[in-house]
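S.K.: Before we start, here is the structure in question, set down as structure tokens.
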């Protein structure tokens, strides 16, 4: 599981992008235990921004006993959501293509 992507996705699901630390901890634990799907999904998404560091890049801010998604964080999250949708569309097209056939020209 990619922690930075998970953190962004969780904060993006809360009103005004703010979650108390206890809520974040609970949600991360739930997603971490949810199986390989979430883990593989966040790794795929993270591959789009290999240098992603939500803390040093100012995408989240620690305040009032919790964490808030910054405006930059919202922008990165929107990019990741759009890119994930595009990846899924490509995967659907690839899965719908017929298997290649070898044609014997003899």
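The values are calculated or read from the model by the stated rules, or taken from the named source; none is laboratory data. If you're wondering where the values come from, they're calculated on a predicted model, not measured in any experiment. Reconstructed Cβ throughout: ideal geometry from the backbone, glycine too, with neighbour counts over all protein chains shown.
S.K.: Only residues that are free of Cβ contacts under 8 Å to residues at least 40 places away in the same chain and in contact with a helix residue (DSSP H, G or I) (Cβ under 7 Å, 6 or more places away or on another chain): list them for region 12-48, please.
M.R.: Once the filter is applied, which keeps residues that are free of Cβ contacts under 8 Å to residues at least 40 places away in the same chain and in contact with a helix residue (DSSP H, G or I) (Cβ under 7 Å, 6 or more places away or on another chain), region 12-48 yields 27, 28, 31, 38, 48.
S.K.: Same structure again: Name the residue, out of 52, 77, that is under 14 Å from the mean Cα position of the chain (by Cα), outside any loop (DSSP other than H, G, I, E, B) and closer than 15 Å to residue 7 by Cβ.
M.R.: So the residue among 52, 77 that is under 14 Å from the mean Cα position of the chain (by Cα), outside any loop (DSSP other than H, G, I, E, B) and closer than 15 Å to residue 7 by Cβ is 77.
S.K.: Take region 74-106 and flag every residue that is surrounded by 12 or more Cβ atoms within 10 Å (Cβ to Cβ) and modelled with pLDDT under 75.
M.R.: Residues satisfying the conditions do not exist here.
S.K.: Okay, next question. Give me the residue from region 1-47 that is assigned to a loop (DSSP other than H, G, I, E, B) and buried (at least 16 other Cβ atoms within 10 Å of the Cβ) and, out of that set, nearest to the chain's Cα centre (by Cα).
M.R.: For region 1-47, the residue satisfying everything is 2.
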